[in-house]
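Colleague: Here it is, the structure, as structure tokens.
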Amino acid sequence: MKIYNTLTRTVEEIVPQRQGRIRLFVCGPTVYNYIHLGNARTFVLFDSLAKYLSFSGFEVFYLQNITDIDDKTLRVASESGVPWTEVSQKFYEEYRKDMEALGANSVNVYAKATLYIEEIKSQIRRLLKKGFAYETSDGVYFHVEKFRDMGALSGQKLDKVVPGSRVSPSEQKLNPSDFVLWKKQKPGEPAWDSPWGYGRPGWHIEDTAITESFFGKSYDIHGGAKDLMFPHHEAEIGQMRSISGKKYLAKYWIHGGYLNFGGDKMSKSTGNFILLREALRKYSRQQIRFFLLNANYSSDLLYTEDLFKASCEALDRIQTAYEMLHGVEGQSGSEDFDPGIYLSRIRSSLDNNFDTRSAFAYLQELSSMIFRSGGKLSPEIAARARETYMFVDRIFGILKNDAVGSDVSRAIQGIINLREEFRKKRDFATSDMIRKILEESGVRIEDEASGTKWRFV
RNA sequence: GGAUAGGUGGCAGAGAGGUCAUGCGUGGGACUGCAGAUCCCAUCUACUAGGGUUCAAAUCCCUACCUAUCCUCCA
């Protein structure tokens with residue numbers, strides 16, 4: 001498949017460094033709060049991408065880091081009067097629960113930064129030895145001027161970067177863009193022993209220490225949302241390539257767009273966000289995933305209630321067509337068609353820079369074909385169509401596969417049979433009441449010529 | 001100031017030189033006890049502006065304007 005590589009600014013065929021195996025790393029969350037829908041967008045993207053790469057025949061190893069020590073962790077800890085380790089542990093667990101609820105289950109290893117302190121120190125030691133880092137009274141810093149390719153990923157030129165307003169005058173940095181590798185301990189802060197005294201790792205170094213542990217000095221794909229491109233990903237590249245001397249840290253860099261909310265980027269620091277778990281209370285994970293994936297992954301996506309609803313309508317139609325496949329009459333329709341072409345079109349859309357929007361458009365076309373057939377498809381065609389839906393579902397997780405034949409479904413079927421008795425007697429007042437009560441309980445029923453269908457809403 | 005990505009029908013959003021994107025919405029009809037779902041017809045000849053290249057441009061080139069994001073923690 002081809003994918004847009006931020007590093008080269010072109011769409012490139014993915015050719016892994018090791019035949020048939022892809023090593024994928026994605027920046028995970030800083031666990032000091034619940035994740036929001038914008039975070040979820042990124043994780044759903046890479047979850048789906050990892051699954052698609054697997055389906056495309058690659059053996060994928062998907063690694064994600066967990067930032068479990070950070071200024072924000074400490075701030076939350078001191079505000080709530082809870083040890084920082086409890087804050088991290090709690091929100092790490094909540095993050096995992098959220099991912100589970102979202103069906104994002106393709107990560108092989110979640111690596112917590114604090115479990116890699118030795119590896120982090122080893123990297124810092126090597127950077128110091130090679131002259132890429134220097135020590136000051138408050139920490140160890142990476143000297144950006146020593147790394148020629150600094151800024152290559154984002155296109156930024158060091159001398160044009162406006163230094164942040166938060167750079168305090170007391171800092172002894174050689175260049176305003178120098179970033180911290182090791183933060184020396186301040187009173188009351190947690191710390192680990194090191195050649196540079198007690199302290200804790202900087203944010204950027206944890207990722208390269210973790211990826212080096214698992215993948216070595218170079219791997220295939222690095223993912224993340226585009227807000228991490230500068231300076232975080234630049235810093236990672238600077239650190240690892242300075243150590244390794246290799247051409248790449250990762251050969252392909254994939255950046256996802258933002259989820260915007262109320263005109264602005266969804267962001268924890270501005271308070272402009274919807275928590276994923278809040279969204280999951282109102283909507284199904286299928287609806288959330290479809291909404292997040294029904295857009296170009298690198299473009300920003302606007303969230304509004306209306307747009308979300310429209311997306312749900314579209315998904316509903318796909319879902320209804322899929323369900324219709326279960327009840328086909330087994331007779332050939334006048335308009336037989338080949339569902340296989342939709343599957344191959346979906347695959348080529350995905351092969352083309354993971355164009356999920358077009359892939360879904362084809363799925364919608366397939367759905368229209370099924371509706372147009374009026375439910376009269378040969379079993380063979382129905383089976384092939386079902387295959388297409390299942391393929392899409394295994395990668396994107398957008399279809400509801402309610403267990404038909406479960407105890408619950410038998411109970412619901414019983415109620416529907418009861419309602420049918422009233423309908424036969426033309427007691428519509430009672431039958432409508434049953435329908436209304438079922439609807440309020442989350443079961444929608446629809447009368448069709450072939451019988452009454454039901455589904456969860 | 002620098003960097004990056006963009007400007008497509010009522011809305012969202014694909015396409016990347018010549019043929020229907022798709023979905024949501026809207027109007028009408030069919031079906032139905034009603035509702036829903038679905039179908040049919042209609043609505044829509046849309047591509048920021050101005051130049052150019054070409055037999056042909058939403059798609060390529062130039063100019064202008066506009067938007068978003070990053071340069072500070074951020075998925």
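We did not get these values from a lab; they are worked out from the coordinates using the rules stated. A quick note: this is a predicted structure, and the numbers were derived from the prediction, not measured. All Cβ positions, glycine included, derive from the backbone under ideal geometry; neighbour counts span all protein chains shown.
Colleague: Hey, can you rank A:10-20, A:274-284 by average C-beta count inside 10 Å, highest first?
Modeller: A:274-284, A:10-20
Colleague: What does the net charge come to around residue A:353 if you take all other residues with beta carbon closer than 14 Å to its beta carbon, with K and R at +1 and D and E at -1? Write down the numbers at each step before the final one.
Modeller: Values: positive: A:2, A:9, A:347, A:357; negative: A:12, A:13, A:351, A:355.
For residues surrounding residue A:353, the net value is 0.
Colleague: Treat the count of other C-beta atoms within 10 Å as a stand-in for reagent exposure and order A:182, A:192 from fewest to most.
Modeller: Arranged by neighbour count, lowest to highest, A:182, A:192 become A:192, A:182.
Colleague: In terms of modelled amide H atoms, which long-range or inter-chain residues lie less than 5 Å from the amide H of residue A:60?
Modeller: A:22
Colleague: What does the extension gain come out to for residue A:371 and residue A:281, with contour length at 0.36 nm per residue minus their alpha carbon separation?
Modeller: 29.3 nm
Colleague: Sticking with this structure for a sec: Per DSSP helix of 4 or more residues, -39500 (n - 2.57); summed, then divided by the residues of chain A. What does that give at 222 nm, rounded to the nearest 500? Walk me through the numbers before you get to the answer.
Modeller: Values: 14 runs with 199 residues, N = 457.
Taking each H run of at least 4 residues, the total per residue is -14000 deg cm²/dmol.
Colleague: Additional query: Just tell me which aspartates and glutamates come within less than 14 Å, Cα to Cα, of residue A:121; anything on the same chain fewer than 8 places away is out.
Modeller: Of all the aspartates and glutamates, those that pass the test against residue A:121 - Cα under 14 Å, at least 8 places apart if same chain - are A:135, A:193, A:206, A:207, A:212.
Colleague: For the range A:39-89, what is one quarter of the convex hull surface built on the Cα atoms, given in nm²?
Modeller: Result: a mean projected hull area of 4.4 nm².
Colleague: Place a point 7 Å from Cα of residue A:214 in the direction of its Cβ. Which residues in the range A:55-75 have their backbone N less than 15 Å from it?
Modeller: A:59-68
Colleague: Under 15 Å Cα-Cα from residue A:436, which aspartates and glutamates qualify once same-chain neighbours fewer than 8 residues away are excluded?
Modeller: A:420, A:427, A:446, A:447
Colleague: Expressed as a rounded percentage, what relative contact order does the range A:259-316 have, with Cα pairs under 8 Å and six or more residues apart? Before the final figure, lay out the partial values.
Modeller: Numbers: 39 pairs, mean separation 23.4, N = 58.
Reported as a whole number, the value is 40 percent.
Colleague: Give me the percent relative contact order of the range A:304-396, please, defined on Cα pairs under 8 angstrom at least 6 residues apart.
Modeller: Relative CO of the range A:304-396 lands at 42 percent.
Colleague: In degrees from 0 to 90, rounded to the nearest 10, what is the angle of the helix A:379-396 Cα long axis to the longest principal axis of chain A?
Modeller: Orientation of helix A:379-396: about 30 degrees from the principal axis.
Colleague: Could you compute how fast the range A:407-456 diffuses translationally, taking Rh as the Kirkwood radius over C-alpha pairs and applying Stokes-Einstein at 37 °C with viscosity 0.692 mPa s? Give it in µm² per second.
Modeller: Using the Kirkwood radius from Cα pairs, D works out to 302 µm²/s.
Colleague: To the nearest 20 debye, what charge dipole does chain A have about its Cα centre, counting +1 at the Cβ of each Lys and Arg and -1 at the Cβ of each Asp and Glu?
Modeller: Values: 63 positive and 60 negative charges, 159 e Å.
Dipole about the Cα centre, nearest 20: 760 debye.
Colleague: Which pairs in the list A:72/A:184; A:146/A:226; A:129/A:160; A:226/A:265 are over 18 Å apart, alpha-carbon to alpha-carbon?
Modeller: Violating the 18 Å limit, Cα to Cα: A:146/A:226; A:129/A:160.
Colleague: Given the Cα-Cα distance of residue A:186 and residue A:90 and 0.36 nm per residue of separation, how much length would full extension add, in nm?
Modeller: Result: 32.1 nm gained on full extension.
Colleague: Here is a further query. With axes computed from alpha carbons, what is the tilt in degrees of helix A:117-129 against the longest principal axis of chain A, rounded to the nearest 10 within 0 to 90?
Modeller: 50 degrees
Colleague: Could I have the simple spin-label model distance between residue A:417 and residue A:296, label points 7 Å from Cα toward Cβ, reported in nm to one decimal?
Modeller: My value for the distance between the label points is 5.4 nm.
Colleague: Using the Cα centre of chain A as origin and beta-carbon charges of +1 (Lys, Arg) and -1 (Asp, Glu), tell me which of A:26, A:363, A:430 is placed farthest towards the positive end of the dipole.
Modeller: Most positive-ward Cα: A:26.
Colleague: While we're on this one: What does the net charge come to around residue A:315 if you take all other residues with beta carbon closer than 14 Å to its beta carbon, with K and R at +1 and D and E at -1?
Modeller: On the way: positive: A:285, A:289, A:309, A:317, A:357, A:400, A:455; negative: A:313, A:316, A:323, A:393.
That works out to +3.
Colleague: Here is a further query. Once amide H atoms are placed 1.01 Å from N in the peptide plane, what residues at a sequence separation of 5 or more from residue A:65, or on another chain, have their amide H within under 5 Å of its amide H?
Modeller: Counting only residues 5 or more places away or on other chains, the set is A:26, A:28, A:111.
Colleague: For residue A:424 and residue A:455, what does the FRET efficiency come to when R0 = 25 Å and r is the distance between their Cβ atoms, rounded to the nearest 0.05?
Modeller: That gives a FRET efficiency of 0.65.
Colleague: On to the next question. Work out how much length residue A:174 to residue A:19 would gain on full extension: take 0.36 nm times their residue separation and subtract the Cα-Cα distance, in nm to one decimal. Don't jump to the answer; show the numbers that get you there.
Modeller: Numbers: separation 155, 0.36 × 155 = 55.80 nm, distance 4.27 nm.
Here the segment from residue A:174 to residue A:19 would lengthen by 51.5 nm.
Colleague: A follow-up question, please. Over what distance in Å are the Cα centres of the range A:394-457 and the range A:30-96 separated?
Modeller: A separation of 39 Å, based on Cα centres.
Colleague: Please report the equivalent ellipsoid semi-axes of chain A, computed as sqrt(5 x eigenvalue) of the Cα gyration tensor, largest first, in whole Å.
Modeller: 50, 25, 17
Colleague: Same structure, new question: Counting just the Cα atoms, what span does the range A:350-417 cover along each of its three principal axes? Round to the nearest Å and put the largest first.
Modeller: Result, largest extent first: 47, 26, 18 Å.
Colleague: What does the charge count around residue A:148 come to, taking other residues whose C-beta lies under 15 Å from its C-beta (Lys +1, Arg +1, Asp -1, Glu -1)?
Modeller: Working: positive: A:130, A:146, A:157, A:241, A:246, A:247; negative: A:145, A:149, A:159, A:234.
Once positives and negatives cancel, what remains is +2.
Colleague: Can you order the peptides A:442-452, A:145-155 by their average number of other Cβ atoms within 10 Å per residue, highest first?
Modeller: Listed from highest to lowest mean packing, they are A:145-155, A:442-452.
Colleague: Still on this structure, please answer the following. Quick one, what does Rg over Rh come out to for the range A:1-134 if you take C-alpha atoms and the Kirkwood Rh?
Modeller: My calculation puts Rg/Rh at 1.03.
Colleague: While we're here: Using Cβ contacts closer than 10 Å as the measure, can you line up A:342, A:248 from fewest to most?
Modeller: Lowest to highest Cβ neighbour count: A:248, A:342.
Colleague: Taking the Cα centre of the range A:176-217 as origin, sum charge times position over the Cβ atoms of Lys and Arg (+1) and Asp and Glu (-1), and report the length of that vector in debye to the nearest 20.
Modeller: It comes to approximately 120 debye.
Colleague: For residue A:259, which sequence-distant residues (separation of 5 or more, or a different chain) have an amide H within less than 5 Å of its own amide H, given hydrogens modelled in the peptide plane?
Modeller: Close amide H contacts, sequence-distant or interchain: A:266, A:301.
Colleague: Can you tell me the orientation of helix A:71-80 relative to chain A, as the angle in degrees between its alpha-carbon axis and the longest Cα principal axis, to the nearest 10?
Modeller: Here the helix axis deviates by roughly 70 degrees.
Colleague: Continuing with the same structure: Taking residue A:157 as the anchor, which aspartates and glutamates have their alpha carbon closer than 15 Å to its alpha carbon, excluding any fewer than eight residues away along the same chain?
Modeller: Counting by Cα, and skipping residues close in sequence, residue A:157 has these aspartates and glutamates nearby: A:145, A:149, A:178, A:234.
Colleague: What percent antiparallel are the DSSP beta bridges of chain A, to the nearest 5?
Modeller: 50 percent
Colleague: What distance in nm separates the simple spin-label points at residue A:72 and residue A:108, each placed 7 Å from Cα in the Cβ direction?
Modeller: 2.8 nm
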